[in-house]
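Peer 1: First the structure, which I've put down as structure tokens, then a few questions once you've had a look.
The values are calculated or read from the model by the stated rules, or taken from the named source; none is laboratory data. Every value quoted in this text rests on a predicted model; they were computed, and no experiment measured them. Cβ placement follows ideal geometry from the backbone for every residue including glycine, while neighbour counts extend to all protein chains displayed. The area values use the complete protein model at the heavy-atom level, side chains included, leaving out ligands, DNA and RNA. Shrake-Rupley method; radii C 1.70, N 1.55, O 1.52, S 1.80 Å.
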Amino acid sequence: MQAVSSKLGGKDIRSASSPEQPARLQQTEQPPPTAAELEAARYRHLCKRQALVLHALAELLDHPTLDRGLVALASELKARFRCTRVAIGLYRGDRLKLRTVSEQSRIDPKAVASTSLVAALLEACEQDSAIHFPGGPKPLQIVQAHRALCAGNGELEVFTVPLAHDGELLGALLLERSSRRPWSSSTIELFEQLAAVFAPVIAASIDRERSVWSRLGELPRRLCAAVFGPRRLALKLGALALAAVLTAAHFTPVTYEVSADGELVSLERRVVTAPVLGYIEEVTVRPGDRVAAGDLLVRLDTRDLELEAEKLSNELQTADSEFRAAMASYDRTEMAIAQARQRRSRAQLDLVEQQLERVRIVAPTAGIVVSGDLTQSLGAPVERGMELLVLAPALGYEVQLLVDERDIGAIRVGQQGRLTLRSSPADGERFTVTAIRPIAESAGGRTRFRVEASLERQIQGLRPGQTGVGKVAVGERSLLWRWTHRFTAWARLELWEIAG
């Protein structure tokens, strides 16, 4: 039966395919191994290799910190492969640091042994290839550091393999053993597989143990590598296009306009009040109606006033009769009393007659009725001076804008803008800012300030109370500022609040 030999985990497994120990046919009567037996032997060999990889990986992962895991891994590899020494070096920034040496609790970086190991590890990392010395270096491969490491001890065999993950070089793994028992090609291949398995785990552990400041410091480097490196062409083109757009936006000036809700308000408002105490008899207008000067608006009931006028008229006639009688009797005292009664009755009668003339309430000027719907109040009593209607002139409007508190600082008297009414969005009316009211108005969770502006021209057909959107030109800004000023203002406020 043919025996196979392979070195795995410190044990020799003999194989017919091993280049180090060629097959030897036993000079016995036993027949040669069949193909099924060879396949079974190969399967057992692969199983043992996978078990070794998983066991070594478990040693690395079964510790809370990376340094303790590396120490356990170095000890495991030294025992499994009967090495004289196992060293692992990892990069910290641009420098390679010796992180662990098997069975060595403390590492002196200035010691000769440490510098020799670091040089050998760097030699493999800089060439980005595994180095097997003196077993079989590749053509044109530099092995000076490995030769120096083995100098003075010709019975050493060293194998160094780089540890890399996702295109990033992490460090290297070095194994050292007596050359009296050289490693087979399958064992060398196993070392390279182990390095490929360990590298992602080590990379994840390094990333997990990094501080917040280290992560922030690494971010620019990764961005630069992503932008200027040889990979991710679509990302680079997108970043380049974004940079070009932002640069063009920074140097492109545009007119910045502050938007605000706008409303048309009449320059003058006439309040129509009740001239006398009475009752509403007739109403001829409603809010929104246009009226001319002198048009009848409201008429009050005159019956009480007419009765009062008739009463006073009778009293006046009685006073006249008494006065004539006193004159006939030459009674001066009665004449004076009757004359006083005459004057009082005449004055009261004149007052009532004047009130009768004022029960017809007419429009003092042409305009639009903006408030006061009395059509449902016929017969209702009114007090003297009570507000009945409000008139606004047909011409003469101003614009009132409600500007957000974030934009009020940019508004100045004299700035110009345009108002677009919701009733006619195709047209825009130009205006000029005339006043800024310093009183804030809060509504709907927003704080706004009232800004008054005058229209450049008075237009027929406008009505008070019409609303729209007003835009005030406050100057030129860059297009980039226009896109980002809301966010930057918010960020500054939040940072100030946090810092305070």
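Peer 1: For segment 121-130, which positions are in contact with a Leu (Cβ under 9 Å, 6 or more places away or on another chain) and surrounded by 15 or more Cβ atoms within 10 Å (Cβ to Cβ)?
Peer 2: Of everything in segment 121-130, those that are in contact with a Leu (Cβ under 9 Å, 6 or more places away or on another chain) and surrounded by 15 or more Cβ atoms within 10 Å (Cβ to Cβ) turn out to be Leu121, Leu122, Ala124, Cys125.
Peer 1: Please determine whether any residue of segment 150-171 is among the hydrophobic types (A, V, I, L, M, F, W, C), in contact (Cβ under 8 Å) with a residue 12 or more places away in the chain, more than 30 Å from His63 (Cα to Cα) and in contact with a Phe, Trp or Tyr (Cβ under 8 Å, 6 or more places away or on another chain). Give the steps one after another, and end with the answer.
Peer 2: First, pick out the residues of segment 150-171 that are among the hydrophobic types (A, V, I, L, M, F, W, C): 150-151, 156, 158-159, 161, 163-164, 169-170.
Next, only the ones that are in contact (Cβ under 8 Å) with a residue 12 or more places away in the chain stay: 150, 156, 158-159, 161, 163-164, 169-170.
After this cut, where a residue has to be more than 30 Å from His63 (Cα to Cα) as well, the list is 150, 156.
Still in the running and in contact with a Phe, Trp or Tyr (Cβ under 8 Å, 6 or more places away or on another chain): 150.
Looking through segment 150-171, at least one residue is among the hydrophobic types (A, V, I, L, M, F, W, C), in contact (Cβ under 8 Å) with a residue 12 or more places away in the chain, more than 30 Å from His63 (Cα to Cα) and in contact with a Phe, Trp or Tyr (Cβ under 8 Å, 6 or more places away or on another chain).
Peer 1: Residues being hydroxyl-bearing (Ser, Thr, Tyr) and either touching a residue at least 12 places away in the same chain (Cβ under 8 Å) or exposed (fewer than 10 other Cβ atoms within 10 Å of the Cβ) (or both): count how many of those fall in segment 450-500.
Peer 2: Step one: filter segment 450-500 for residues hydroxyl-bearing (Ser, Thr, Tyr), giving 454, 467, 478, 484, 488.
Retained after the next criterion (residues that are either touching a residue at least 12 places away in the same chain (Cβ under 8 Å) or exposed (fewer than 10 other Cβ atoms within 10 Å of the Cβ) (or both)): 454, 467, 478.
The qualifying residues number 3.
Peer 1: Suppose we filter Leu98, Leu117 for residues that are of a type outside the set (Gly, Ala, Ser), in contact with a strand residue (DSSP E or B) (Cβ under 7 Å, 6 or more places away or on another chain) and under 11 Å from Thr160 (Cα atoms); which single one remains?
Peer 2: Values: Leu98 fails: under 11 Å from Thr160 (Cα atoms).
That would be Leu117, the only listed residue that is of a type outside the set (Gly, Ala, Ser), in contact with a strand residue (DSSP E or B) (Cβ under 7 Å, 6 or more places away or on another chain) and under 11 Å from Thr160 (Cα atoms).
Peer 1: In the set Thr284, Thr273, Thr302, which member is β-branched (Val, Ile, Thr), within 22 Å of Thr375 (Cα to Cα) and loosely packed, with under 14 Cβ neighbours inside 10 Å? Full working, then the answer.
Peer 2: Numbers: Thr284 fails: loosely packed, with under 14 Cβ neighbours inside 10 Å; Thr302 fails: loosely packed, with under 14 Cβ neighbours inside 10 Å.
After ruling out the rest, the residue left standing is Thr273.
Peer 1: Taking segment 414-439 on its own, how many of its residues are open to solvent by 50 Å² or more (accessible area, probe 1.4 Å) and at pLDDT 85 or above? Steps first, please.
Peer 2: Here is the first cut: in segment 414-439, the residues open to solvent by 50 Å² or more (accessible area, probe 1.4 Å) are 416, 418, 422-423, 425-427, 430, 434, 436-439.
With the extra rule that they be at pLDDT 85 or above, the set shrinks to 416, 418, 422, 430, 434, 436-439.
Total satisfying the criteria: 9.
Peer 1: Now, a different point. Collect the residues in segment 172-194 that are among the charged types (D, E, K, R), open to solvent by 40 Å² or more (accessible area, probe 1.4 Å) and touching a residue at least 24 places away in the same chain (Cβ under 8 Å), keeping them in residue-number order. Steps first, please.
Peer 2: From segment 172-194, those among the charged types (D, E, K, R) are 176-177, 180-181, 189, 192; that's our starting set.
Now restrict to residues that are open to solvent by 40 Å² or more (accessible area, probe 1.4 Å): 180-181, 189, 192.
Of everything in segment 172-194, those that are among the charged types (D, E, K, R), open to solvent by 40 Å² or more (accessible area, probe 1.4 Å) and touching a residue at least 24 places away in the same chain (Cβ under 8 Å) turn out to be Arg180, Arg181, Glu192.
Peer 1: Sort out which residues of segment 93-120 are in a helix (DSSP H, G or I), open to solvent by 40 Å² or more (accessible area, probe 1.4 Å) and farther than 20 Å from Glu157 by Cβ, and write them in order of number.
Peer 2: Val112, Thr115
Peer 1: A further question follows. Return the residues of segment 58-74 that are open to solvent by less than 50 Å² (accessible area, probe 1.4 Å) and in contact with a helix residue (DSSP H, G or I) (Cβ under 6 Å, 6 or more places away or on another chain); say none if nothing qualifies. Break it down stepwise before answering.
Peer 2: Initial filter on segment 58-74 (open to solvent by less than 50 Å² (accessible area, probe 1.4 Å)): 60, 66, 69-70, 72-74.
Result: Leu60, Leu66, Gly69, Ala72, Leu73.
Peer 1: Tell me which strands (runs of 3 or more DSSP E) are completely within segment 384-500 and hold 1 or more residues being hydroxyl-bearing (Ser, Thr, Tyr), or say none if there are none. Quick ask: steps written out before the conclusion?
Peer 2: Working: elements: 387-393, 397-404, 416-421, 429-443, 446-455, 467-478.
Output list reads 397-404, 416-421, 429-443, 446-455, 467-478.
Peer 1: Identify all residues within segment 360-382 that are exposed (fewer than 14 other Cβ atoms within 10 Å of the Cβ) and touching a Pro at 6+ places or on another chain (Cβ under 7 Å); write none if there are none.
Peer 2: Asp373 - this is the single residue of segment 360-382 that is exposed (fewer than 14 other Cβ atoms within 10 Å of the Cβ) and touching a Pro at 6+ places or on another chain (Cβ under 7 Å).
Peer 1: Take the residues in segment 281-301 that are in contact (Cβ under 8 Å) with a residue 24 or more places away in the chain, out of contact with any Asp or Glu (no Cβ under 6 Å at 6 or more places or on another chain) and not in a strand (DSSP E or B), then tell me which one is nearest to Leu378 (Cα to Cα).
Peer 2: Val285
Peer 1: May I pose another question? Working only within segment 78-92, note down all residues that are touching a residue at least 24 places away in the same chain (Cβ under 8 Å) and either at positive phi or assigned to a strand (DSSP E or B) (or both). Steps first, please.
Peer 2: So in segment 78-92, the residues touching a residue at least 24 places away in the same chain (Cβ under 8 Å) come out as 78-91.
Residues satisfying the conditions are Arg82, Arg85, Val86, Ala87, Ile88, Gly89, Leu90, Tyr91.
Peer 1: Here is a further query. Answer yes or no: is there a residue in segment 393-400 that is of a type in the set (Gly, Ala, Ser), under 50 Å from the mean Cα position of the chain (by Cα), surrounded by 17 or more Cβ atoms within 10 Å (Cβ to Cβ) and under 30 Å from Arg446 (Cβ atoms).
Peer 2: Filtering segment 393-400 down to residues of a type in the set (Gly, Ala, Ser) leaves 394, 396.
Cutting the leftovers down to under 50 Å from the mean Cα position of the chain (by Cα) gives us 394, 396.
So of that shortlist, the ones also surrounded by 17 or more Cβ atoms within 10 Å (Cβ to Cβ) come out as 394.
Filter once more, keeping what is under 30 Å from Arg446 (Cβ atoms): none.
The answer is no; no qualifying residue exists.
Peer 1: Determine, yes or no, whether Leu38 is within 19 Å of Ala164 (Cβ to Cβ) and either surrounded by 15 or more Cβ atoms within 10 Å (Cβ to Cβ) or more than 46 Å from the chain's Cα centre (by Cα) (or both).
Peer 2: On the way: within 19 Å of Ala164 (Cβ to Cβ): no; either surrounded by 15 or more Cβ atoms within 10 Å (Cβ to Cβ) or more than 46 Å from the chain's Cα centre (by Cα) (or both): yes.
Against the criterion (within 19 Å of Ala164 (Cβ to Cβ) and either surrounded by 15 or more Cβ atoms within 10 Å (Cβ to Cβ) or more than 46 Å from the chain's Cα centre (by Cα) (or both)), Leu38 does not qualify.
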